[in-house]
Amino acid sequence: MTHLSTLKLHQLRLGELPGDEAARCQAHLDACALCQARHGHQAEVRREFEAMPVPLAIVRPRWQRVALGAMPLLAAALVLFALLPGATPPASAPVDEAAPGELPARVDAAVDGDPVATPEAVAAPEPAAPTSASKKPTTRTKGASIPRLEAWVEAGESERPVYPGESLGAGARVQLRYDALGKNFVTLAGRDSNGVVEVYATIAAGARGLQSAPFAFTLDDSKGEQAFFALLSDTRLDPEAVKTALSSNPVRMDGAIVTSLVLRKD
Amino acid sequence: MHGDLDIPALYRRYGDLVLGRCRTILRNDADAADAMQDVFLKLHRFRDSFRGDASPSTFLYRITTTTCLNRLRSRRRRPEDPVEELPPLPSSESVLDALAVRQLLDELVDGADEKTVECLVYHFVDGMTHDEAGEMVGLSGAAVRKRIATFRASLRDNPPPWMEDA
């Protein structure tokens, strides 16, 4: 008998093999030093895995309960904020971010006719003005990339951008898209209308350009604004630090470029 | 489970399987942790692909393999962002030693198509038979054997000794 495959070793431990096959594999394992070593290695990984914190995005999948509205139709307004200058700052530099309290004002502006109701405009939002609370001077390198965070909604067999002022119903599936701007990590997080912040995932940035988040949100019927954040960083951010930063007013996160968008119901 | 995957439960039961798989292929702790999370987040998106005709462990193993190989390709396309690899492990869940795994993934498979790469990984790294590898990639065992033989013949230098039993 050849060695047990890696998957077979796992399935033997998990009790997923039929009786005769399990007996055959167990007999091989008992007699094979190499497979015993591999089996021992798997047990080490298992112990290590059990000591790891479970990612919040997996414990409580956000897509099952993100809130956008109780009514059949919601008025959803999309606003993109560039909370930092587009020029890449030193990793340790503090960042300029819009205060959470300012989000509704931007939403209102969008609903009232901000000329951002085209996919092109959604893809390249204007950065928000520096907040009064964070009085650090804002500098921008001419021609520098602008942080991008977009929301797309399923439309039949395809997807399209969510437009400012558009009504979305409960059950709509929304996916975030971001441009990591060459940073190594993208942390995606959200803050609901009660101010509760949830960190969904930290993703190693892949190819350059606009990337889709590896998950989607199905909107449920709870009420209030829902803000989404993308934090671009060179190093992996501590989820607890991210929660603290996104709960503060104004938002501050050292070593990260923060961009956000808000979906709001009427 | 079709359409109603209990992802937290799957994570608790199979997380170590996915993590070990990611480490074997990616050989970098941080990248492996990210890939593991990606795999479970993708489960929701691909839930309709799970028809119950394979065990969850097999289904997850396929997704993990594809995810990690795609990451490897992406890593190679971005040589300006080098990833620090783990030192060779003193032990591994692979039937190959760590250096052979690295040789296969980093040196030998360039130019091979994606399905052939998967066949090579399932057979040589995981120790699957041709039939078992075929079930993973949707080919017959004979087709897997032929792909591996063709790949081995394409190597200009002498194939490594561990490839002799293909």
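The values are calculated or read from the model by the stated rules, or taken from the named source; none is laboratory data. Predicted model only: the values in this text are computed from it and were never measured. Neighbour counts are summed over all protein chains in view; Cβ atoms, including those assigned to glycine, are modelled from backbone coordinates with ideal geometry.
Rundown of residues vs (1) within 10 Å of chain B (Cβ to nearest Cβ); (2) at pLDDT 75 or above; (3) under 20 Å from B:Val39 (Cβ atoms), yes/no style:
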site	(1), (2), (3)
A:Gly209	no, no, no
A:Pro214	yes, no, yes
A:Arg236	yes, yes, yes
A:Gly255	no, yes, no
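If I ask for residues that are surrounded by fewer than 17 Cβ atoms within 10 Å (Cβ to Cβ), within 23 Å of A:Pro53 (Cα to Cα) and without any contact (Cβ under 8 Å) to a residue 24 or more places away in the chain, which ones from the stretch A:212-266 would you list?
A:Asp238, A:Glu240, A:Ala241, A:Thr244
Give the residue that is farthest from the other protein chains (Cβ to nearest Cβ), with candidates limited to residues of the stretch A:189-202 that are touching a residue at least 60 places away in the same chain (Cβ under 8 Å) and surrounded by 22 or more Cβ atoms within 10 Å (Cβ to Cβ).
A:Arg191
If we scan the stretch B:139-146, do we find a residue that is out of contact with any strand residue (DSSP E or B) (no Cβ under 6 Å at 6 or more places or on another chain), loosely packed, with under 14 Cβ neighbours inside 10 Å and over 22 Å from B:Thr24 (Cβ atoms)?
Just the residues of the stretch B:139-146 that are out of contact with any strand residue (DSSP E or B) (no Cβ under 6 Å at 6 or more places or on another chain), to begin with: B:139-146.
Adding the requirement that they be loosely packed, with under 14 Cβ neighbours inside 10 Å leaves B:140, B:142.
Among the residues that remain, those that are also over 22 Å from B:Thr24 (Cβ atoms) are: B:140, B:142.
Yes; the residues of the stretch B:139-146 include at least one that is out of contact with any strand residue (DSSP E or B) (no Cβ under 6 Å at 6 or more places or on another chain), loosely packed, with under 14 Cβ neighbours inside 10 Å and over 22 Å from B:Thr24 (Cβ atoms).
State whether one or more residues within the stretch B:47-62 are over 21 Å from A:Gly15 (Cβ atoms), touching a strand residue (DSSP E or B) at 6+ places or on another chain (Cβ under 7 Å) and at pLDDT below 90.
Quick first cut of the stretch B:47-62, residues over 21 Å from A:Gly15 (Cβ atoms) only: B:47-49, B:51.
Subset that is touching a strand residue (DSSP E or B) at 6+ places or on another chain (Cβ under 7 Å): none.
Within the stretch B:47-62, none of the residues are over 21 Å from A:Gly15 (Cβ atoms), touching a strand residue (DSSP E or B) at 6+ places or on another chain (Cβ under 7 Å) and at pLDDT below 90.
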